[in-house]
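Notes follow once the structure below has been shown.
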Amino acid sequence: MDIVIRNATPEEYETLGDITARAYLQDGLLDFGESDAYLGRLKDVAGRAAAAEVLVAVADRRVLGGVTFVPSGGPMADIARLGEAEIRMLAVDHTARGRGTGEALVRACVERARATDGCVRLVLSTQRTMRTAHRIYERLGFVRVPERDWNPIPELDDIMLLTYELTL
């Protein structure tokens with residue numbers, strides 16, 4: 001199966017939003033489950049596409065997953081600093097996992113970061129439990145940067161996102 005990585009089209013936004021939401025829910029990544037406020041942001045692919053670049057992985061005309069690439073800051077950036085691009089909301093449909101889809105999406109972000117003027121680093125946040133994703137990042141040369149770990153909901157002490165970076 002050949003996987004093609006390209007920009008998402010508006011006709012694919014709802015499908016990608018559903019895949020992303022389902023992946024986060026099924027993997028137990030949302031602390032408040034179906035009532036988690038972040039679920040709405042995961043589903044809002046049109047909003048992401050208006051502020052960043054949303055990529056999809058497609059095979060046989062079927063969307064397998066997607067990722068948001070945030071070049072050099074912008075409103076979608078959580079942790080990117082000057083000269084950094086950021087990867088956000090990587091998700092692959094459960095039925096398409098284990099085929100290199102996630103890695104292909106991350107590689108596409110690396111290529112885009114390298115092609116972005118002034119970009120010297122690519123960063124991302126991940127949860128401790130996302131070990132498969134961690135292996136992808138490390139295989140592609142990303143390293144942990146514990147001093148940049150952060151809590152997206154400061155009023156809750158038990159949430160900490162891990163930070164990885166790739167120097168370009």
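For the stretch 123-168, what does the relative contact order come out to in percent, with C-alpha contacts under 8 Å and a separation of six or more?
Relative CO of the stretch 123-168 lands at 50 percent.
Can you give the extra length, in nm with one decimal, that the chain gains between residue 4 and residue 147 once fully stretched, where that is 0.36 nm per residue apart less the Cα-Cα distance?
Values: separation 143, 0.36 × 143 = 51.48 nm, distance 3.52 nm.
Result: 48.0 nm gained on full extension.
Starting from the Cα-Cα distance between residue 46 and residue 15, subtract it from 0.36 nm times their residue separation and give me the gain in nm to one decimal.
Contour length minus the Cα-Cα distance gives 10.0 nm.
How long are the semi-axes of the equivalent ellipsoid of the stretch 1-88, defined as square roots of 5 times the Cα gyration tensor eigenvalues? Whole Å, largest first.
After scaling each eigenvalue by five and taking roots: 20, 19, 11 Å.
Find out how many positive minus negative residues lie around residue 32, taking Lys and Arg as positive, Asp and Glu as negative, among other residues whose Cβ is under 14 Å from that of residue 32.
Neighbourhood net charge equals -4.
What is the spin-label model distance, in nm, from residue 26 to residue 97 if the labels are put 7 Å beyond Cα along the C-beta direction?
Distance between the two pseudo-spin positions: 0.7 nm.
Would you kindly compute the Cα radius of gyration of the stretch 13-168 and its largest Cα-Cα separation (Dmax), both in Å?
14.6, 44
Would you mind checking which residues have amide H under 5 Å from residue 86's amide H? H placed 1.01 Å from N; only 5 or more apart, or other chain.
Those qualifying (amide H under 5 Å, at least 5 residues apart or on another chain) are 70, 72, 73, 123.
Normalising by the residue count of the stretch 1-143, find the relative contact order in percent from Cα pairs under 8 Å and 6+ residues apart. Could the numbers behind the result be given before it?
Working: 231 pairs, mean separation 32.0, N = 143.
RCO, the stretch 1-143: 22 percent.
How much net charge surrounds residue 94 when only the other residues with a Cβ under 11 Å from the Cβ of residue 94 are counted, with Lys and Arg +1 and Asp and Glu -1?
For residues surrounding residue 94, the net value is 0.
Using label points projected 7 Å from each Cα along Cα→Cβ, tell me how many nm separate residue 132 and residue 160, to one decimal.
2.5 nm
Starting from the amide H of residue 64, placed 1.01 Å from N in the peptide plane, find each other amide H under 5 Å away whose residue is 5 or more places distant or on another chain.
Here the answer is 57, 58, 59, since their amide H atoms fall under 5 Å of that of residue 64.
Read-outs: derived from the displayed coordinates by stated rules, not from any lab. All values derive from a computational prediction rather than experimental measurement. Heads up, the Cβs are rebuilt from the backbone with ideal geometry, glycines too, and the neighbour counts pull from every protein chain shown.
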